[in-house]
1. Could you identify the single residue in Glu172, Glu202, Glu221, Glu193 that is of a type in the set (D, E, K, R), at pLDDT 95 or above and surrounded by fewer than 16 Cβ atoms within 10 Å (Cβ to Cβ)?
2. Tell me whether the range 509-519 contains one or more residues that are surrounded by fewer than 16 Cβ atoms within 10 Å (Cβ to Cβ) and closer than 30 Å to Thr158 by Cβ.
3. Just one of the numbered conditions (1) open to solvent by less than 70 Å² (accessible area, probe 1.4 Å); (2) part of a helix (DSSP H, G or I); (3) out of contact with any Ser or Thr (no Cβ under 7 Å at 6 or more places or on another chain) is not true of Ile57; which one?
4. Among helices (runs of 4 or more DSSP H) lying entirely in the range 441-507, which contain 1 or more residues that are farther than 21 Å from Lys254 by Cα and open to solvent by 20 Å² or more (accessible area, probe 1.4 Å)?
5. Could you please find all residues in the range 75-90 being in contact (Cβ under 8 Å) with a residue 40 or more places away in the chain and in contact with a strand residue (DSSP E or B) (Cβ under 7 Å, 6 or more places away or on another chain)?
6. Checking the conditions here, which among Ala321, Ala317 is under 24 Å from Glu65 (Cα atoms) and in contact with an Asp or Glu (Cβ under 8 Å, 6 or more places away or on another chain)?
Amino acid sequence: MDFMKERKISRRAVCSAMVASLALGVLEGCGSSSSTTASSAAGSGAAASNERITVRILKSKAANEVAAEQMDVWKILGEKFNMDFEFDNPPQDNYNERLNLVMMDAQLPDIIMDMPTTEVLKYGESGVILSLNDYIENDMPNLKKEIDKRDGVEKALTYSDGNIYYMPMLDEKVSGNMPYIVRTDWLEKLGIESPVTLEDWENYWHLVKTTDLNGNGTNDEIPFSSYDMTGLRNFCTAFGCLDDFYTDPDDGGKVHYGPIDPKYKKAVTWMHDMYEKGYIDPEIITMDYASFVPKLAQNTVASFYGPLGGMLAAQNATMPASFPGFHVEATVPPKGTAQIHSYIDQEPRAIAAATITASCKNVDRVVALLDYMYSAEGTLLINMGIEGTHYTMQDGKPIFTDYVMKNPDGLSPKNAIGTFTFAQSSGPFILSQDEVTQLDDDSVNRAKQDCIIPFLEESKKYVIPGSTSFSSEDDAVRRAVMADVDTYVDEMIIKFVSGREPLSNWDTYVEKVNGMGIAEVIDIYQKTLNG
């Protein structure tokens with residue numbers, strides 16, 4: 001990240017001039033067509049002439065982002081709303097741990113972003129975070145307009161007690177974002193097509209294992225790797241189940257818990273076989289995202305699992321410079337008895353993009369700030385950055401400059417955007433099609449059209465919406481049970497796959513999970529979905 005920080009410092013003089021002009025409410029390129037401006041969004045609370053205040057924000061930091069306080073977008077928002085921001089900005093991998101610590105403090109941040117939706121109702125009913133119903137109805141015209149024009153969004157945001165506690169991230173992109181990815185240049189060397197069936201995958205991995213595809217004189221190629229076990233475990237979809245709670249269309253849509261399903265046992269048996277044959281990177285058991293990205297840069301990984309932008313597009317944008325001919329593409333979901341895309345973005349995304357805590361002393365002004373982010377002007381700022389620096393207007397449309405698309409420091413477009421805005425992670429805003437379309441290279445567009453969209457309708461029969469809202473009593477039971485179940489299941493699946501636990505002990509494992517109360521949680525899901 002140091003080279004990104006250095007680039008940021010070198011641009012500070014340019015950006016400060018932009019900030020000064022934007023503080024007067026002028027965002028070039030927006031014109032008179034923008035939605036309610038900051039100064040009128042919630043009355044005088046947003047006026048720049050008001051006393052300058054400090055707003056404390058807890059927000060996770062994505063791997064592709066600089067620290068929030070370094071981002072131009074936050075500087076501009078601060079000047080526009082006469083605010084200073086103090087950020088608690090832990091890495092995404094450590095966010096939940098940090099959140100738990102923060103929530104024990106007597107004085108909370110004013111705004112908490114990225115809170116897991118499973119945590120929201122608990123804090124809302126206890127009064128730790130504010131109900132937003134009245135604010136959305138009366139003081140947030142931009143957000144209300146966006147909610148009203150999207151079918152089902154208000155229902156998805158409303159918890160079982162009738163309250164809305166968080167502002168969502170809204171986007172216009174194709175649902176689904178996490179395919180399996182393969183080295184197509186290596187497929188061409190091997191003379192085979194992209195894998196579809198499990199048999200295809202095994203054949204590809206066998207050839208990778210026995211061929212010096214990177215040409216370094218040794219067979220050091222890794223057939224499959226991932227930044228955690230999820231990448232491997234999601235092959236269970238080929239067996240007709242998910243690695244979580246799911247609804248089974250072959251069983252009338254009843255809720256099942258995948259990791260104890262008989263179908264899942266078949267999947268784990270297959271995974272163990274692949275592991276024993278040396279096709280699975282043994283480091284997958286302890287890998288995290290930060291250590292996986294450098295591994296990809298070693299030109300040894302033949303296939304992996306990851307997001308379209310952060311993995312597929314980023315690899316194609318950066319790796320060919322070091323390894324000419326390098327190219328990766330997404331694959332269709334692995335096909336066995338079923339063919340399911342397990343990662344589907346819900347609408348709205350199941351992300352509590354922003355909550356306001358009871359500690360906030362300037363709620364009206366914070367509401368105005370957050371509502372502005374949903375306006376046309378705010379959308380342009382958050383998605384595209386500063387006109388002339390990060391984008392220019394061409395034929396009425398904002399087009400990223402070379403700072404994003406051909407970054408002089410060699411940053412991928414996603415990483416370049418992460419130096420000035422949080423638009424590539426999450427937040428209370430609309431992910432604009434202007435941004436999405438420009439950043440999607442041909443491989444991403446093909447992934448959406450060929451590997452994701454054709455499987456969405458079938459996949460929705462299995463995937464439980466991430467915005468599913470439980471009563472506080474049911475949620476307390478669910479959370480208590482799953483705290484123990486998740487830990488035990490994760491440990492046992494690793495043992496079964498690696499061979500440290502024989503598969504002959506599967507029934508004992510299932511019996512223990514049942515004894516932890518999983519049936520009660522399944523009933524809670526079923527009742528909630530039926531209700």
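1. Details: Glu172 fails: at pLDDT 95 or above; Glu202 fails: surrounded by fewer than 16 Cβ atoms within 10 Å (Cβ to Cβ); Glu221 fails: surrounded by fewer than 16 Cβ atoms within 10 Å (Cβ to Cβ).
Result: Glu193 is the single residue among Glu172, Glu202, Glu221, Glu193 that is of a type in the set (D, E, K, R), at pLDDT 95 or above and surrounded by fewer than 16 Cβ atoms within 10 Å (Cβ to Cβ).
2. There is at least one residue in the range 509-519 that is surrounded by fewer than 16 Cβ atoms within 10 Å (Cβ to Cβ) and closer than 30 Å to Thr158 by Cβ.
3. (2)
4. Working: elements: 442-446, 456-459, 472-498.
Filter on the range 441-507 gives 442-446, 472-498.
5. Filtering the range 75-90 down to residues in contact (Cβ under 8 Å) with a residue 40 or more places away in the chain leaves 75-77, 79-81, 83.
Met83, the sole residue that qualifies.
6. Working: Ala321 fails: in contact with an Asp or Glu (Cβ under 8 Å, 6 or more places away or on another chain).
Unique residue meeting the criteria: Ala317.
One line per residue, one yes/no per condition, for (1) touching a residue at least 60 places away in the same chain (Cβ under 8 Å); (2) of a type in the set (Val, Ile, Thr); (3) over 25 Å from Tyr165 (Cα atoms):
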{"position": "Gly466", "(1), (2), (3)": "yes, no, no"}
{"position": "Ser472", "(1), (2), (3)": "yes, no, no"}
{"position": "Asp475", "(1), (2), (3)": "yes, no, no"}
{"position": "Trp506", "(1), (2), (3)": "yes, no, yes"}
{"position": "Val513", "(1), (2), (3)": "yes, yes, yes"}
{"position": "Ile518", "(1), (2), (3)": "yes, yes, yes"}
{"position": "Ile522", "(1), (2), (3)": "yes, yes, yes"}
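Results for (1) surrounded by fewer than 22 Cβ atoms within 10 Å (Cβ to Cβ); (2) within 25 Å of the chain's Cα centre (by Cα), shown as yes or no for each residue.
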| residue | (1), (2) |
| --- | --- |
| Ala297 | yes, yes |
| Thr300 | yes, no |
| Ser303 | no, yes |
| Pro307 | yes, yes |
| Ala330 | no, yes |
| Ile340 | no, yes |
| Ile356 | no, yes |
| Lys361 | yes, no |
| Asp364 | yes, no |
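The values are calculated or read from the model by the stated rules, or taken from the named source; none is laboratory data. If you're wondering where the values come from, they're calculated on a predicted model, not measured in any experiment. With ideal geometry, Cβ positions are generated from the backbone for all residues, glycine too; neighbour counts draw on all protein chains shown. Only protein heavy atoms, including side chains, enter the accessible area calculation; ligands, DNA and RNA are left aside. Shrake-Rupley method; radii C 1.70, N 1.55, O 1.52, S 1.80 Å.
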